1. Counting only residues that are in a helix (DSSP H, G or I) and of a type in the set (S, T, N, Q), how many does the range 139-191 have?
2. Answer with yes or no whether ALA99 is in contact with a Lys or Arg (Cβ under 9 Å, 6 or more places away or on another chain) and either surrounded by fewer than 24 Cβ atoms within 10 Å (Cβ to Cβ) or farther than 30 Å from ASP268 by Cβ (or both).
3. Only residues that are surrounded by fewer than 19 Cβ atoms within 10 Å (Cβ to Cβ) and touching a Pro at 6+ places or on another chain (Cβ under 8 Å): list them for the range 77-96, please.
4. Restricting to the range 288-325, name every residue that is surrounded by fewer than 19 Cβ atoms within 10 Å (Cβ to Cβ), of a type in the set (Lys, Arg) and within 23 Å of GLY449 (Cα to Cα).
5. Those residues that are surrounded by fewer than 20 Cβ atoms within 10 Å (Cβ to Cβ), in contact with a strand residue (DSSP E or B) (Cβ under 7 Å, 6 or more places away or on another chain) and farther than 23 Å from TYR116 by Cβ, I need them from the range 127-168; list them, please.
6. Residues that are crowded, with 23+ Cβ neighbours inside 10 Å and either under 25 Å from LEU175 (Cβ atoms) or touching a Phe, Trp or Tyr at 6+ places or on another chain (Cβ under 7 Å) (or both): does the range 496-504 have at least one?
7. Note down all Cβ pairs under 7 Å where the first residue falls in the range 538-556 and is on the phi < 0 side of the Ramachandran plot, the second is surrounded by 20 or more Cβ atoms within 10 Å (Cβ to Cβ) and in a strand (DSSP E or B), and they're at least six residues apart or on different chains.
8. Might you let me know whether the range 411-434 holds any residue that is surrounded by fewer than 17 Cβ atoms within 10 Å (Cβ to Cβ), touching a residue at least 12 places away in the same chain (Cβ under 8 Å), closer than 30 Å to ASP290 by Cα and among the charged types (D, E, K, R)?
Amino acid sequence: MARRGARPPDKSADHPDDRCDALPTGTRRPELGSLCSRSRACAPAPDRNLMHEKNCAPPNFPSGIRLYRATFTNWSGQVVAGGMWTCAPAAPCDVVTLANWARANGWRLRPRGGGYSWSPLVACSGSPTNTLLVDTTEHLTAVTVHPGSPASVTAQPGVSMDALLGALKTVGYGLTAFPVLGAASLGGVLATAGRGTGVPANGETPLAGHTYGSVANLVTSLTAVVWDGNAACYVLRTFQRSEPQIQALLVNLGRAFVTEVTLRVGADQRLRCQSRFDVSADTLFAPPADASPHSLASHVKRSGRVVCIWFPFTATPWLRVFTPMASKPRRSKEVTAPYAFRFNDIVPRSGSKLLSQIAAGAGSLTPVFTRAQMNAVRAGLTLTRTWDVWGWSSDLLLNVRPTTVRITSACWNVMTSRDRIQQVVSEFHTAYTACLEKYRTRGSFPVNGPLEIRVTGLDQPADCGVPGALSAQLSPLRPRPDHPEWDVAVWFDMTTVPITPDCHAFYADMEQWIRSHYTGSYAAVRPEWPKEWASTSTGAWTDRTAARSAIPDSYRAGQPADDNWDTALATFSALDPAGVFSSDFLDEALL
């Protein structure tokens with residue numbers, strides 16, 4: 001599978017030799033809290049003696065692997081790690097070489113993909129010492145489709161979702177659900193349990209080779225770099241979906257390095273996407289007793305695939321309903337490429353001005369700004385004639401590009417039974433609007449981005465078609481054996497511009513409510529790994545009680561004692577006892 005391509009031009013004019021050059025230190029961000037506080041990456045600037053050591057080239061670095069320095073920035077720009085030593089392995093065997101070098105020289109390796117994350121799973125702010133970024137997107141991008149029944153695709157971690165889905169579409173295959181950003185790398189999507197939206201509509205027969213859970217649930221086998229005790233070195237090893245240790249590797253948070261993966265795939269589908277602005281928030285999120293045929297749960301019943309985007313302080317959300325349709329409806333516009341909603345990347349001049357004023361302290365303009373956002377979507381749908389579109393699945397579901405406005409996000413999923421979807425969204429809407437009002441009465445407007453709601457299925461291992469397939473131990477979509485009636489997850493994605501005052505306090509309030517409300521036989525919650533979680537008023541990832549207790553417990557609850565959070569951590573230690581593929585943040589988070 002591994003292919004060596006032509007060596008691309010250098011990303012940096014600086015290359016390591018026997019000298020030590022001055023490196024710029026990254027901006028230290030207050031949002032990274034106590035989980036990073038012990039990390040060298042987020043510590044105060046080191047003294048001059050340590051700076052000399054930090055800026056030296058990695059010692060005894062393997063020849064033949066390109067080495068350079070680069071700045072790592074996360075999706076929202078809240079994490080900036082400047083001048084990090086970075087390399088671009090050309091093949092999986094190079095990653096093995098790097099792992100053995102890192103162990104021998106006291107360094108750590110962090111995989112770098114498409115950068116579609118908020119949480120500091122790759123790096124914290126600053127310029128971490130003895131940490132090498134491993135860029136998978138330059139060479140580890142091979143894709144091979146295996147047609148047949150069943151069909152599959154083998155791919156390397158650096159391939160983008162754009163490229164992967166494009167290769168599948170060309171030969172008639174696709175995925176049911178996946179993240180909306182095509183620039184995301186497959187490795188990152190798998191490591192963080194990337195998902196999309198959708199459950200089977202009433203009466204719909206799921207297609208073979210598809211899942212309504214995370215992309216990781218489609219894995220049939222994977223190859224990772226792991227420690228071989230007998231050989232006393234790191235080696236490549238392939239794990240089958242029925243092997244217990246693969247359960248930690250499927251969704252590994254970057255605590256392991258996967259070099260190749262094979263996914264089950266199925267026949268592609270054509271979808272119709274209809275956008276609506278004619279259903280009020282009160283109707284969509286009505287209590288179950290008052291729910292009409294226009295409630296959110298009713299749309300899920302009829303179509304299965306729904307995305308609801310509600311701008312705070314507005315009356316009607318942007319509702320997108322995706323319905324499988326083999327033939328083009330007469331009124332639909334056919335689309336033949338992704339990113340039909342290209343207006344998503346554009347902030348109107350008036351909106352940009354408002355946002356600048358809000359950032360300068362005029363928070364009371366937030367309702368005006370969110371209404372302007374909603375009106376811009378309406379105008380964009382009309383201008384691009386995309387109110388009603390039809391095409392292949394990836395052409396409709398990929399709709400966010402790297403050029404879009406960078407916002408921060410706290411996202412939680414609520415696992416429950418399908419017949420309680422409306423109750424879950426109604427109660428959340430009530431709590432969310434009440435929290436917004438509480439802050440508004442104080443003169444604070446902590447949220448200026450939309451609330452996004454999606455409904456997905458869970459990770460049913462049988463979907464991958466491997467006899468005896470096991471589930472991912474750290475997937476937010478892992479089913480609860482003690483609650484077989486829980487068959488869906490309702491995702492609440494709360495977004496705002498990162499610099500907004502009180503946004504972290506708002507996130508903390510909502511997180512506390514979510515974790516205390518959806519409990520017992522009703523529901524359970526888990527965070528979306530690449531986004532903000534464990535929030536306090538001082539920032540994300542600062543609530544040690546949540547990070548060390550509540551969140552790990554959500555992966556223990558209802559699971560066997562030998563198959564849960566602790567089992568996954570034990571597997572990481574067994575496969576990487578030197579912690580080569582860890583970081584100070586992960587050391588703190590994965591206790």
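1. Count: 1.
2. Criteria not met by ALA99.
3. GLY77, GLY82
4. Selection gives nothing.
5. ASN130, THR144, VAL145, HIS146, PRO150
6. no
7. Within 7 Å, the pairs are ALA540/GLU532; THR542/THR536; ASP543/THR536; ILE551/PRO527; SER554/ALA524; SER554/VAL525; SER554/ARG526.
8. no
The values are calculated or read from the model by the stated rules, or taken from the named source; none is laboratory data. In this text, all values refer to a predicted model and were calculated from it rather than measured experimentally. All Cβ positions, even for glycine, are placed from backbone atoms using ideal geometry, and neighbour counts span all protein chains on display.
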